[in-house]
Amino acid sequence: MMAVEGPLIAAIIARLPDARENLAAYGVAFAFGLLLESPVVMLLSAATVLAEDRDSYLTLRRFGYGLSGLLTVVMVIAVFPPVFDWLAGSLFGLPEEVRGLTHGALVFLLPWPAAIGYRRFKQGLLIRHGLTRQVATGAVVRLAVMAATAVVLALATPLRGAYVGTFALSAGVIAEAFVAGRMARRAVRALERNPIGTRGRLTMRQTAVFYVPLALTSMLAMGTQPMVTFFMGESRMAVESLAVLPVVSGLTFIFRSLGLSFQEVGLVLLGPRMEHFRSLRSFALILAFAASAGLAAIAYSPVAFIWFQGISGLSTMLTEFAIPPLRLLVLLPALSVVLSLQRSMLLTARRTTSITLASGAEIVTIAGLLWVGIHVFDVVGVISAAVALVIGRFLTNLWLIWPCWQVKALRRSRRPATQIETV
């Protein structure tokens, strides 16, 4: 359901005036927003793994709320005009017709870090206590509020398309955060009845040791899109590439989201000695095949024209421009499923450093391939991005095979660790 919001917003923007420039600005603002909220995204995983009693809950709450507040301050600084002009102009080299729209769109995303940090923390508590239907309910609320806001703003106000998109995104996230907080009260009460769990008191230092590698991982992963945006701004057919990127990414994310959700499934169901690994692996293989096959069925058939032109509202030229990169990305959903299984194994063992190193290697690989594709071979920006993203993710999967094998072997040979492991 969360994956639907990207294509929906893009479809509304594509039907408003100056669609090409507004789609490009929305994509850039969304990329900025992802980067600035990325450190709080892993609060969901941290709460799922660490919040086992009242003490750990309170420690994680202080840590998460403090981090969310800090990121909000950083975002305010980023939209300050002199700072933004340097970022968008000198650093990212955005085309002039996109730069002003991007700044206004980013202003509407100011509530994002705090709202997302809060809801991710509460969702982790829900997942830990088996209340996964409530997580889905929150997603329904988010999608409904976002869609209603976007439609009302598009029909009843003169707001530019990029502003409509980011305003609607913020409204949806705030609504979901409120609902998640209300629904998590049962989980909080259960934690409050258990003062200190079996692992002893969780300190802020232990929380930081566990969380910082996860935050770096998330920053590296979500920093990929701003980095791709930076390179595409210097590529051949830059505005066209920036315009179709959010539409192509939105469709791809619908199928990738199946794999992203699998990480928390693994965290809950693997077992302290990986005793359910075989069952989860079998399910992951089926899910990986289904996710990529579903995307391929669209990318390599006339359905792609129906999606991009009829549903997303792209022009014929932009539709033809978007189909080749979509076809290159069909393996990405399957690779995302594999990555989620690998990460759930390492998170269960509290070995977060391997995840960070793999993410760092992935973003370096993507940057290198983008630079070569754009500056050496003069490839169209969005094509170069699609190739780099698939190769980078595949190499990440290969990187994590060895640490996952080590964790699996160790967990079967001894009792579960009681200390947070850092390597």
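Every number here is computed from the coordinates shown, using simple stated rules; none is lab data. Treat the numbers as computed from the prediction; the structure is a model and nothing was measured. So basically every Cβ, Gly included, is an ideal-geometry build from the backbone, and we count neighbours across all protein chains shown.
So the values come out like this:
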item: The stretch 330-360 residues near the modelled Leu410 label - backbone nitrogen below 19 Å, point 7 Å along Cα→Cβ; result: 341-359
item: Cα-centre dipole for the stretch 72-138 with unit charges at Cβ (Lys and Arg positive, Asp and Glu negative), debye to 20; result: 660
item: Max mean-square fluctuation residue, GNM over the chain, Cα-Cα springs under 10 Å, options Arg160, Arg278, Arg54; result: Arg278
item: Equivalent ellipsoid, the stretch 223-423 (semi-axes from 5 times Cα gyration tensor eigenvalues, Å); result: 35, 20, 11
item: Principal axis box of the chain, alpha-carbon based, largest edge first, Å; result: 59, 40, 38
item: Crossing angle, helix 19-41 versus the chain [Cα axis fit, 0-90 degrees, rounded to tens]; result: 20
item: Rounded if a/c under 1.5, otherwise prolate or oblate - the stretch 175-254, Cα gyration tensor axes; result: oblate
item: Ordering of 391-397, 146-152 by burial proxy (mean other Cβ atoms within 10 Å per residue, highest first); result: 391-397, 146-152
item: Estimated FRET transfer efficiency (Ile306, Asp85; beta-carbon r; R0 41 Å; 0.05); result: 0.50
item: Nonlocal amide H pairs with Arg236, under 5 Å, H built at 1.01 Å; result: Gly381
item: Dipole of the chain [Lys/Arg +1, Asp/Glu -1 at C-beta], most positive-end residue of Thr224, Val98, His375; result: Thr224
